[in-house]
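Heads up: the structure comes next, in structure tokens.
The values are calculated or read from the model by the stated rules, or taken from the named source; none is laboratory data. None of these values were measured; they are calculated from a predicted model. All Cβ positions, even for glycine, are placed from backbone atoms using ideal geometry, and neighbour counts span all protein chains on display. All accessible areas refer to the heavy atoms of the entire protein, side chains included, with ligands and DNA or RNA removed. Shrake-Rupley method; radii C 1.70, N 1.55, O 1.52, S 1.80 Å.
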Amino acid sequence: MHYLKTYPDSIGISHYLCYRMRSMKAEDVEFYWPQICHLLITRPTESNALECFVLERAEESTHSAMLTFWFMQTALKDLIAQRQTNPVAFQVCQRVLHRCHEIIFGDPPESSTSPY
């Protein structure tokens, strides 16, 4: 977690760390899930490694998908006010939220009626 936070702009480091997290047991990763989701939003980078890792875990486990969905839904409520000043974080959060919605409920949310 420390290296993901310290070196968010290093694409190589983030890919390596996400590769290593893939080999960890689900229970071990789940303990850090809130911090992982928080880093995904607060440290947006050009690297998509962390976002891919989060979505892969969400696809493997409905429980992880639901945790991610709840976290992103809450974060998106906070980011709506900052949408103009922090568009990257808003877009990442929205993208992950919609993908988790698809994973959990089996269909994407309708964009015309979605408040996000």
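Below is a table of values for the structure above.
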quantity: Pairs with Cβ under 6 Å, 6+ apart, first in the stretch 77-96 and within 23 Å of A65 (Cα to Cα) and surrounded by 13 or more Cβ atoms within 10 Å (Cβ to Cβ), second of a type in the set (V, I, T) and modelled with pLDDT of 85 or more; calculated: A89/I41; C93/I41
quantity: The stretch 20-29, residues that are touching a residue at least 24 places away in the same chain (Cβ under 8 Å) and of a type outside the set (D, E, K, R); calculated: M21, A26, V29
quantity: Residue satisfying all of: in the stretch 64-76; in contact (Cβ under 8 Å) with a residue 12 or more places away in the chain and out of contact with any Cys (no Cβ under 6 Å at 6 or more places or on another chain); least open to solvent (accessible area, probe 1.4 Å) among these; calculated: S64
quantity: Hits in the stretch 7-46 - residues which are open to solvent by less than 90 Å² (accessible area, probe 1.4 Å) and part of a loop (DSSP other than H, G, I, E, B); calculated: P8, S10, M24, P44, T45
quantity: Condition met for M66 (farther than 24 Å from I11 by Cα and part of a helix (DSSP H, G or I)); calculated: yes
